[in-house]
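Step one of this worksheet: look at the structure below.
The values are calculated or read from the model by the stated rules, or taken from the named source; none is laboratory data. Please read all numbers here as calculations on a predicted model, not as lab measurements. Cβ coordinates were reconstructed from backbone atoms using ideal geometry, including for glycine residues, and neighbour counts include every protein chain displayed.
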Amino acid sequence: MTIECIGSSFTYRWPGGEVRLEPGKPIELPDERARRLLAKAVGRVRVVPPLIQPGDSIRWTRGDGSVQHAPVDFLHVDEGGIAWAFVTVWSGWCAVNCRLVSKVIE
């Protein structure tokens with residue numbers, strides 16, 4: 001689940017980990033950990049809805065300059081905080097960095 005701090009920054013600590021929350025810098029937490037934080041810090045954090053949802057059709061420009069479009073099968077955020085949209089193209093899958101999505105087709 002993606003969450004973000006509202007108001008002043010703070011550090012959320014739990015046994016085995018910690019994370020620094022700052023306004024305008026959404027972070028991905030495991031769902032259970034995010035639910036606990038939301039319950040403990042009511043009014044200090046919020047859930048950030050993804051801009052792209054599974055089932056949306058997206059368009060992006062490939063490295064060779066060609067434009068591709070496809071429906072999103074699922075989304076993933078890696079350890080570095082980069083969001084990836086996985087789409088089915090031709091007879092396989094493709095991972096698209098969500099920063100490269102130029103348009104969500106309505």
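Odds and ends about this structure:
Every residue, every condition in (1) surrounded by 14 or more Cβ atoms within 10 Å (Cβ to Cβ); (2) assigned by TED's automatic domain parsing to the domain that holds LEU100; (3) part of a loop (DSSP other than H, G, I, E, B), yes or no:
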site: LEU21; (1), (2), (3): yes, no, no
site: ALA34; (1), (2), (3): yes, no, no
site: GLY43; (1), (2), (3): no, no, yes
site: ASP64; (1), (2), (3): no, yes, yes
site: VAL72; (1), (2), (3): yes, yes, no
site: GLU79; (1), (2), (3): no, yes, yes
site: ALA85; (1), (2), (3): yes, yes, no
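- Sole residue being under 17 Å from the mean Cα position of the chain (by Cα), within 18 Å of GLU4 (Cβ to Cβ) and modelled with pLDDT of 90 or more, chosen from VAL77, VAL87, VAL45: VAL45
- Residues of segment 47-58 satisfying the condition of being out of contact with any Asp or Glu (no Cβ under 6 Å at 6 or more places or on another chain) and farther than 10 Å from CYS98 by Cα: VAL47, PRO49, PRO50, GLN53, PRO54, GLY55, ASP56, SER57
- Residue, farthest from ILE3 (Cα to Cα), within segment 90-102, restricted to residues that are surrounded by 16 or more Cβ atoms within 10 Å (Cβ to Cβ) and in contact (Cβ under 8 Å) with a residue 40 or more places away in the chain: VAL101
- Within segment 1-18, tally of residues that are within 24 Å of TRP84 (Cβ to Cβ) and loosely packed, with under 15 Cβ neighbours inside 10 Å: 1
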